[in-house]
Amino acid sequence: MKLAILSRAPRAYSTLRLRAAAEQRGHLVRVLNTLRFGIDLTGDEPDLQYRGKRLSDYDAILPRIGNSITYFGTAVVRQFEQMDVYTPNTANGISNARDKLRATQILSRHNIGMPATTFVRNRADVRPAIERVGGAPVVIKLLEGTQGIGVILAPEVKVAEAIIETLQSTNQNVLIQRFVSESRGRDIRALVVGDRVVAAMRRTAKGDEFRSNVHRGGSVEAVALPAEYEQAAVRSAQIMGLRVAGVDMLEGADGPLVMEVNSSPGLEGIETATQLDVAGAIVDYIAGQVAFPEIDVRQRLSVSTGYGVAELLVHNNGDFVGQKLGDTNLAERDITVLTVHRGATVIPNPKRSTVLEAGDRLLCFGKLEEMRSMIPERRRRRAKVRKLPAEALPTD
Ligand SMILES: Nc1ncnc2c1ncn2[C@@H]1O[C@H](COP(=O)(O)OP(=O)(O)O)[C@@H](O)[C@H]1O
Ligand SMILES: [Mg+2]
């Protein structure tokens, strides 16, 4: 394949290793400076310029977009996506992962363990927010920090309030997060490629530091990950839309607590700690996926007027319970079932013989009008207002 590594650091360890791994496997590889692209929307089709000239054809890209250039970098990646060039990490995935709040919001509905987190703006809401995550000591995080910079441990509520106020006064948004003291300055970094963890390490903070980042002097050692850590890492990366990711997890009392998902994980620490060819695993994965550029499924499937995607619920005691998919009237009603979600498992392309169970969620494509009546009622978080009594209210 012909691969472009998008990076502003051609001599950094990770870039050199990725490049070498690609060359070793006989691929054609170029390191292109992300900031030298020009997004070209002047012609009939989306196009890209590089250093002022039309870019030649590539089969795949590997974006390594630094934090300081997220906006431009993701715009370039999005342009490659429009041109059907394969990328393991989409522009959306990169933006979602970059913002710690956005990442936590997206993961929060998927049953992934995370440290209790709150986000508030008004001064009066800070103290209750700190209490909600368990009080001091409490962790305060800048939304877009990396390498441990912008992660602060406040020993007391008063100090936390002062720090938050100071940061907000300079227009910086911060997260308030429970301090997971049981992980004692240690965390796990799992490197996810595709749908598996290819390498994992434990990082231990230096001295009395609580941040275990390598850039903060943390030391690294290889670990064999328990299955629940592996699953949490892979699912987090998948949900974020990243096929190459470094997932950071604290070792909580009840299992893994995902802190963040990095879309451009550094390779030096993890390759040194594990002696594994992580760069090679990334290149091999990309080579295997080149034929499958990212498709925005919902958008593509919604182009036919009146048709779209919806998730239908098999109600308890409903008609579908115990029925074979082929015996339901879904096909007759022009509804195709793409996947069946059952608890934490997914049945892709379910067969006609698949027997439906109460609580199954069917991801369907079909006529929206036909599906409307079968869409589950919106989840209510709290009881609705009480019904009026049957009798008229007394008037005076
Ligand atoms: N809630 C927390 N409880 C305990 N330690 C934490 C917590 N959040 C972060 N840390 C420590 O701080 C480090 C950096 O935090 P992280 O959210 O990964 O930010 P960064 O993007 O700067 O790496 C983590 O690797 C971990 O060692
Ligand atoms: Mg981190």
Looking at S95 and the list (1) at pLDDT 95 or above; (2) of a type in the set (S, T, Y); (3) more than 11 Å from the chain's Cα centre (by Cα), which single condition is not satisfied?
(3)
Check S181 against each of (1) touching a residue at least 12 places away in the same chain (Cβ under 8 Å); (2) within 17 Å of E260 (Cβ to Cβ); (3) surrounded by fewer than 19 Cβ atoms within 10 Å (Cβ to Cβ); (4) within 13 Å of ligand 1 (Cβ to nearest atom) and name the one condition it does not meet.
(2)
Within segment 192-235, considering residues that are within 13 Å of ligand 1 (Cβ to nearest atom) and of a type in the set (S, T, N, Q), the one modelled with the lowest pLDDT
N213
Give the residue that is farthest from the chain's Cα centre (by Cα), with candidates limited to residues of segment 205-230 that are more than 14 Å from ligand 2 (Cβ to nearest atom) and crowded, with 16+ Cβ neighbours inside 10 Å.
V223
Pick from segment 140-173, criterion polar (S, T, N, Q) and surrounded by 14 or more Cβ atoms within 10 Å (Cβ to Cβ), ranking: nearest to ligand 2 (Cβ to nearest atom):
T146
Identity of the residue in segment 184-195, farther than 15 Å from L153 by Cβ and surrounded by 14 or more Cβ atoms within 10 Å (Cβ to Cβ), that ends up nearest to ligand 2 (Cβ to nearest atom):
R189
Among I39, I69, I5, which is the only one that is within 22 Å of G288 (Cβ to Cβ) and touching a residue at least 24 places away in the same chain (Cβ under 8 Å)?
I5
Of the residues in segment 264-296, those that are in a loop (DSSP other than H, G, I, E, B) and hydroxyl-bearing (S, T, Y) come to S264
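Okay, residues lined up against (1) closer than 24 Å to E251 by Cβ; (2) outside any helix (DSSP H, G or I); (3) within 12 Å of ligand 1 (Cβ to nearest atom):
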| residue | (1), (2), (3) |
| --- | --- |
| R102 | no, no, no |
| Q105 | yes, no, no |
| I130 | yes, no, no |
| V139 | yes, yes, yes |
Evaluate the following for I176: is it more than 22 Å from G255 (Cβ to Cβ), at pLDDT 95 or above and within 16 Å of ligand 2 (Cβ to nearest atom)?
no
From the list D44, D59, pick out the single residue that is of a type in the set (D, E, K, R) and either in contact with a Gly (Cβ under 6 Å, 6 or more places away or on another chain) or free of Cβ contacts under 8 Å to residues at least 40 places away in the same chain (or both).
D44
Any idea how many residues of segment 30-77 are surrounded by 12 or more Cβ atoms within 10 Å (Cβ to Cβ), part of a loop (DSSP other than H, G, I, E, B) and among the polar types (S, T, N, Q)?
1
Test for D319: is it free of Cβ contacts under 8 Å to residues at least 24 places away in the same chain and over 23 Å from N92 (Cβ atoms)
yes
Given (1) within 11 Å of ligand 1 (Cβ to nearest atom); (2) among the charged types (D, E, K, R); (3) assigned by TED's automatic domain parsing to the domain that holds R243, E144 misses just (3)
If you go through segment 360-373 one residue at a time, do you hit one that is loosely packed, with under 15 Cβ neighbours inside 10 Å and either at pLDDT 95 or above or under 24 Å from N111 (Cα atoms) (or both)?
no
Do we find a residue being within 12 Å of the chain's Cα centre (by Cα) and within 14 Å of ligand 1 (Cβ to nearest atom) anywhere in segment 107-124?
yes
Are any residues in segment 269-293 under 14 Å from L18 (Cα atoms) and within 15 Å of ligand 2 (Cβ to nearest atom), and if so, which ones?
I270
Criterion first (buried (at least 21 other Cβ atoms within 10 Å of the Cβ) and within 15 Å of ligand 2 (Cβ to nearest atom)) does G246 satisfy it?
yes
Within segment 157-173, tally of residues that are out of contact with any strand residue (DSSP E or B) (no Cβ under 7 Å at 6 or more places or on another chain) and closer than 19 Å to R211 by Cβ
1
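The values are calculated or read from the model by the stated rules, or taken from the named source; none is laboratory data. It should be emphasised that the depicted structure is a prediction, and the values quoted were computed from it without experimental measurement. Don't worry about glycine lacking a Cβ; one is built from the backbone with ideal geometry, like all the others, and counts go over all protein chains shown.
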